[in-house]
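Values in this text are rule-based calculations from the coordinates and carry no lab data. Given the structure is predicted, the values throughout are model-derived calculations rather than measurements. Cβ: placed from backbone, ideal geometry, glycine included. Neighbour counts: every protein chain shown.
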């Protein structure tokens, strides 16, 4: 979820906003219908109206949609934008769209349910000859030397003031990835295009592929740098590459190695990289092999995954085991009682009074219980 400050930074990212704006301007025709998925405060919805869209369906699950409604009225577009709070995958619309526009990526296009949402929108909500903006994203990978970023990750767990050892934390931290910003000199190798996500044809949210390099001069590598180039429309786009001067809000992805690699001339490096959507997020895996010259067997192998970076406790794992027989704790009993009362014709105050009466050890008054009742209502109520 973005903050208003984050959305403001998106608006101020001139290269990104200009690419989307010019892409919309080039594609919108008279009587055009546009769907804006993840509209946030309504930036792209307002631009679509300004460029002549007859109707815009602005979809946003979070409460920032209130700012979008206010902006529509302030800019004179309130009669042309239909605001829908929720997930696009759970909504049906009265007409097909000519254009679906969405910037629901994170540092990389493989972010949350972004690709799943666009596949669903293309299948259910877009006219047969409709257009998706962006058209496609290219994801690039290169080896990177970044000692400061690497030390920021591993340093606290391996070299702290009190000489405390955290072997499990040290292992897990190198199985996570972080947002970073790299400079051209940080790249150890030329970039390789790892994935092309064509939103007009993509049919899976998962991705996998291989990148390989031959090293031409001795260098140290601390991990992988990933970024994407976005083609918004035929003639408009932007690059988030460390090799271009214009920088964008997304930054780059830094996937650290288990330990820094000391590379010699003629060494080869091969990386098998994959992103698998699981639940509401991605599990990333990067398996790296390093060899010398013509040797076919690697001298070093790393097998890393964000799954291995998750700090599960034994108690958490026990509760997720297939043989575990769960019972509700008090918080679960409270939520179950609230859900049972919803739909019975009671107001939230009436439900809160019942909850406070049933769970006096948890709530000192009905107004205190109202906070939890309101949260449940916001999540499940209609």
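Applying 1/(1 + (r/R0)^6) with R0 = 25 Å to the Cβ-Cβ distance of residue 336 and residue 87, what FRET efficiency is obtained, to the nearest 0.05?
0.55
Just need log10 I(q)/I(0) for the chain at q = 0.06, 0.08, 0.11, 0.14 Å⁻¹, Debye formula, equal scatterers on the alpha-carbon atoms, no solvent, rounded to two decimals.
-0.32, -0.56, -0.96, -1.22
Can you tell me the length gained on complete extension of the stretch residue 75 to residue 245, counting 0.36 nm per residue apart and subtracting the Cα distance?
Working: separation 170, 0.36 × 170 = 61.20 nm, distance 3.35 nm.
57.8 nm is the gain from fully extending residue 75 to residue 245.
Enter the Cα centre distance for the pair segment 172-226 and segment 117-149, rounded to the nearest angstrom.
So the separation of the two Cα centres works out to 16 Å.
If packing is taken as the mean number of other Cβ atoms within 10 Å per residue, what is the order of 221-227, 56-62, highest first? Could you put the intermediate results ahead of the total?
Working: 221-227: 26.9, 56-62: 22.4.
In descending order of packing, they fall as 221-227, 56-62.
Return the whole-Å distance between the Cα centroid of segment 304-382 and the Cα centroid of segment 95-111.
33
Quick check: from the Cα gyration tensor, does segment 226-319 come out rounded (a/c under 1.5), prolate or oblate?
Because a/c hits 1.5 or more and a/b fails to exceed b/c, segment 226-319 counts as oblate.
How many percent of Cα pairs in segment 4-103 exceed 21 Å?
Here the tail beyond 21 Å accounts for 26 percent of pairs.
Once you put a point 7 Å from the Cα of residue 322 and another 7 Å from the Cα of residue 178, both along the Cβ direction, what distance in nm separates them?
Each label point lies 7 Å from its Cα, and together they span 3.8 nm.
Using Cα pairs under 8 angstrom and six or more residues apart, how large is the relative contact order of the chain, in percent? Walk me through the intermediate numbers first.
Details: 708 pairs, mean separation 51.4, N = 382.
Normalised by residue count, the contact order of the chain is 13 percent.
Could you tell me the relative contact order of segment 137-313? Use alpha-carbon pairs under 8 Å, at least six residues apart, and round to a whole percent.
27
Quick check: residue separation of residue 18 and residue 292 times 0.36 nm, minus the Cα distance between them. What number comes out in nm?
Going from the current span to full extension adds 94.0 nm.
If you bin the C-alpha pair distances of segment 297-381 every 10 Å from 0, what whole percents do you get?
15, 32, 19, 19, 7, 5, 3, 0
For segment 72-127, what does the alpha-carbon gyration tensor say about shape, rounded, prolate or oblate, given a ≥ b ≥ c as the root eigenvalues, a/c under 1.5 as rounded, and a/b over b/c as prolate?
Judged from the Cα gyration tensor, segment 72-127 comes out oblate (a/c at least 1.5, b/c at or above a/b).
Given axes a ≥ b ≥ c from the Cα gyration tensor, I'd like to know whether segment 134-252 is rounded (a/c under 1.5), prolate (a/b larger than b/c) or oblate.
In terms of gyration-tensor shape, prolate.
Within 10 Å of each residue's Cβ, count the other Cβ atoms and sort 342, 310, 10 from fewest upward.
Ordered by Cβ neighbours within 10 Å, fewest first: 310, 342, 10.
For segment 330-380, what is the largest minus smallest coordinate of the Cα atoms on each principal axis, given in angstrom and ordered from greatest to least?
Per principal axis, max minus min of the Cα coordinates gives 25, 20, 16 Å.
Can you show me the helix-derived [θ] at 222 nm for the chain, built from DSSP H runs with n ≥ 4 at -39,500 (n - 2.57) apiece and divided by the number of residues, rounded to the nearest 500.
-8500 deg cm²/dmol
Any chance you could check the Cα centroid distance between segment 278-301 and segment 35-67 for me, in angstrom?
If we compute the Cα centre of each part, the gap is 42 Å.
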